[in-house]
Amino acid sequence: MIAFVANAKFMGSGKSDTVVAGGENASILARAIGAQHWPLLSINEYLIRSKVVFGAAIKRLIYFPNGELFFHPESNFAEATKIMLESIEMLADCNDVKIMILPVLRHCGYPDISQKFIAWFKEQSKDDDRFIGDKEIDEKKLVNWINATPRDTTSTEYVNDEGIATKAGIKRLGEYLNQLGDAFKVNVAQERFKNDQIQSESNGSVANGQVNVRDKPTSSSVWTNNSRDCHSNGFKTRGAARGKPQTSKSAAQEDCSAHRPAPYYLNKNRGRGNYRGR
């Protein structure tokens, strides 16, 4: 691990050991797998922000390049691929991590450039196993797996017409990666379930809170449970014996009559008072 890189940026370790570098697709993928996102958005940012040192806990880097490098009227394909490769090597030099490079997804407005990029990416993958996407799963490469071939301008279930992956597309991409042996679970449905579960539990706690408020003993009921039970509205009790709560007024009165102490003037063992009376 490189301990010091002059003029390099730094990104601390988070809860995940994975960083996804790139533009909007990288951000979507990072959220889906719970990874950190390192933005590489504009052409000017690619080389400046690629000089970054990640925290020691970061072990894997998914490089998901932004289509802005290629898909604009003034794009120079050779220059764009050069910037992309320099960016990758800079990240590799600054960090001792496993790097996986995903292709730029096709843009329906630039089919020729999309096709040219796929051909270039295929050539790169022959000599560099970091380039992921040309390997076939069920006889399908990644662009076929997510229905995003350059000439296909009608299938937008997984990738929209501007090359941005949908939630279903990110899930599909995760399935592709998992079958390559890399354990990057991307389960958008599971994330939605978790969010619904959290919201449900939150609503349940509110409901339970209302029930608890209604069921919470008031001052009178606390007095009833923790003190003498004989206290009907008709009279007060002093020194009454403890007993089980009564269900009716008459029963309570009867119980109180049985256990209520005699008036003090009838008590023969009043001590000092009896002594005075003798």
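Points to keep in mind about this one:
- Calculated translational diffusion coefficient of the range 9-190 (20 °C, 1.002 mPa s; Stokes-Einstein with Kirkwood radius over alpha-carbon pairs) equals 131 µm²/s.
- Column: log10 I(q)/I(0), Debye, Cα scatterers of the range 112-180, q = 0.22, 0.25 Å⁻¹: -1.02, -1.23
- Calculated on the Cα set of the range 6-101, radius of gyration then Dmax: 12.9, 40 Å.
- In sequence order, calculated HN-Hα J values of the range 46-59 (Karplus, 6.51, -1.76, 1.60; Hz; x Gly/Pro): 4, 7, 5, 7, 6, 8, 9, 10, 8, x, 5, 6, 6, 10
- Averaged over residues, the count of other Cβ atoms within 10 Å places the peptides 156-167, 97-108, 28-39 in the sequence 97-108, 28-39, 156-167, highest first.
- Extension gain, residue 79-residue 128: 0.36 nm per intervening residue step, less the Cα-Cα distance, totals 15.7 nm.
- R0 of 35 Å, Cβ-Cβ distance residue 43-residue 152: FRET efficiency to nearest 0.05: 0.85
- Each label was represented as a point 7 Å from its Cα along the Cα-to-Cβ direction; for residue 15 and residue 160 these points are 2.7 nm apart.
- Cut-off 20 Å (backbone N to label point 7 Å along Cα→Cβ of residue 8), residues of the range 89-113: 89-101
- The range 1-80-the range 97-166 distance, computed between alpha-carbon centres (Å): 18
Every number here is computed from the coordinates shown, using simple stated rules; none is lab data. Please read all numbers here as calculations on a predicted model, not as lab measurements. Positions of Cβ are generated from backbone atoms using ideal geometry, with glycine treated the same way; all protein chains shown enter the neighbour counts.
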